[in-house]
1. Looking only at residues in segment 146-174 that are closer than 27 Å to Ser218 by Cα, part of a loop (DSSP other than H, G, I, E, B) and of a type in the set (Gly, Ala, Ser), which one is modelled with the highest pLDDT?
2. Taking segment 97-119 on its own, how many of its residues are within 8 Å of the ligand (Cβ to nearest atom) and more than 18 Å from the chain's Cα centre (by Cα)?
3. Within segment 126-144, count every residue that is assigned to a helix (DSSP H, G or I), out of contact with any strand residue (DSSP E or B) (no Cβ under 9 Å at 6 or more places or on another chain) and of a type outside the set (D, E, K, R).
4. Can you tell me which of (1) touching a Pro at 6+ places or on another chain (Cβ under 7 Å); (2) more than 9 Å from the ligand (Cβ to nearest atom) is the one His324 doesn't meet?
5. Restricting to segment 268-313, give me the number of residues that are within 14 Å of the ligand (Cβ to nearest atom) and in contact with a Ser or Thr (Cβ under 8 Å, 6 or more places away or on another chain).
6. Just the residues that are part of a loop (DSSP other than H, G, I, E, B) and of a type in the set (Asp, Glu), please, taken from segment 361-420.
7. Considering every residue within segment 395-404, establish whether at least one is of a type in the set (S, T, N, Q) and either closer than 21 Å to Met275 by Cβ or within 16 Å of the ligand (Cβ to nearest atom) (or both).
8. Please pick out the residue among Ser213, Ser197 that is farther than 27 Å from Glu102 by Cβ and polar (S, T, N, Q).
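The values are calculated or read from the model by the stated rules, or taken from the named source; none is laboratory data. The structure presented is a predicted model; accordingly, all values stated were derived computationally and were not measured. Virtual Cβ from ideal backbone geometry, glycine too; neighbours counted across all protein chains shown.
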Amino acid sequence: FSHVLVAKFRHTKLPPGPFPLPIIGNFLLLGRNPHRSIAKLSKTYGPLMYLKLGTVQTIKHDQICSDRTVPHTAHAANHHKSSLAWLPVGNKWRKLRRICKEHMFTVHKLQSSEGLRKKKLQQLHDYLHECCSNRRVVDIGEVAFVTSLNLISTTLFSIDFAHFGSNSAQEMKGTPNLADYFPILKRIDPQGLKRESEDYAGKLLTTFDQITSERLRSIGVSSSDFPRKNDLLQVLLDLNQERDSDLSRDELKHLFLVLIVGGADTSTDTVEWAMTELLSNPEIMSKARNELRTVIGENKQVEESDISKLPYLRAVVKETFRFHPVVLFLIPHKANANVEMNGYIIPKDAQILVNIWAMGRDSSIWSNADMFEPERFLDSKIDYKGHDFEFIPFGSGRRICPGMPLAHIMVHLMVASFIHNFKWKLEPGMKSEELDLSEMFGLSLHKAVPLKAFPVKWP
Ligand code: HEM
């Protein structure tokens, strides 16, 4: 195979793309919304395009290679050396993926920890109820973040990581790091993000290690004082004891770090976008709420097994993934050798960005691509499990999101909890058709202006 590539290499060239400026390359073309700028550029240069960003070479294409370009911030606390998200495809990465696939995010393991998540959703409901009684405005993104973080942390180790109304949620939010595109600036660290991440990653890793020590101690003590937990930490410790995996303490804490960081912002932002669209489209909101009323009934909590009985809710979530995918370019992949694509050469070590946002808005794939229409998914078999390549908000193939089964549960149940027993009223003077939909590009694509509204008891 590599011989063919070398031979072809002599006759072919890099994919087309705009002419790069010295040093900064095409960086200025990206602007504040690179997903939109790149989609626009691809109208001129085609679906496979070459961009030079700072000193990193970048290519956008639907086809992928499986290694990663490791961002500057992922070096904090040496996370990149043990992290599922940043390791190249190799034995260590395979071991971690296998543990996630076979022992953590299976239907069976998620069912055993369902009771833990049920409590977190009840807490969300109680908090919304309290805001409703006190006529208090709700920052939907903030509340979704606290809930997402706790849903993940409780699934992992039966512990809450955030509380409604505290700053702990905000402290964990990420900001984009300019240094990722300019390796030359790494030593200067323009935004102080490496230091911040070092601090933040270090604190979390220490916390995870303490939680593990605590659990190991409690396992040795009488079982009536410390009943066995149904969480994934217990599953991993059991595996180690059965010698079915040789996960070191170091690997364990880095695995927890990547699962929390990978899962919290993405799920939060998806829920905030879904709620933004529901509040902007009252008809869609009432269809989704009526379905919940008919299938679940009043004053009954939606359960994980109910998701399969709620086709309209599922269509709303799919449409949110199409219209507002939050991991815009997947997590950038890297070519680990010169690769031929469409007669062009993608050079070894080039960063590969797959513009999921542009795929979701492509009018040659979707009718009324610029409209939020959940109905398009009602009679369609298209799903986001990685087989329908026009719709891959979780990626596809080897690097597909391992947390997708948990994300699927979390996003559906959070949206359902927000709308099941509440109507939502915008702040005085705001109209649904005037809701601000502008985006902020970061680790995951979130709303630039937080969505705030008042819950009102319904009916
Ligand atoms: C709505 C929620 C989520 C979305 C949209 C999402 C999306 C993605 C995407 C697009 C990727 C990269 C795929 C690629 O590069 O080809 C990814 C990777 C990953 N996700 Fe998620 N994700 C979500 C939730 C979660 C959750 C809840 C967890 C864990 C609890 C998680 C853990 C990870 C990890 C560890 C990776 C890296 C996998 C690897 O590199 O091998 N994600 N996710």
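1. Ser158
2. Summing the residues that are within 8 Å of the ligand (Cβ to nearest atom) and more than 18 Å from the chain's Cα centre (by Cα) in segment 97-119 gives 0.
3. So the count comes out to 2.
4. (1)
5. Final tally of qualifying residues: 6.
6. In the first step, residues of segment 361-420 are kept if they are part of a loop (DSSP other than H, G, I, E, B); the result is 361-373, 378-396, 400-403.
Residues satisfying the conditions are Asp362, Asp370, Glu373, Asp379, Asp383, Asp388, Glu390.
7. Pass one, segment 395-404, residues of a type in the set (S, T, N, Q): 396.
Adding the requirement that they be either closer than 21 Å to Met275 by Cβ or within 16 Å of the ligand (Cβ to nearest atom) (or both) leaves 396.
Checking segment 395-404: at least one residue is of a type in the set (S, T, N, Q) and either closer than 21 Å to Met275 by Cβ or within 16 Å of the ligand (Cβ to nearest atom) (or both).
8. Working: Ser213 fails: farther than 27 Å from Glu102 by Cβ.
Residue meeting the stated conditions: Ser197.
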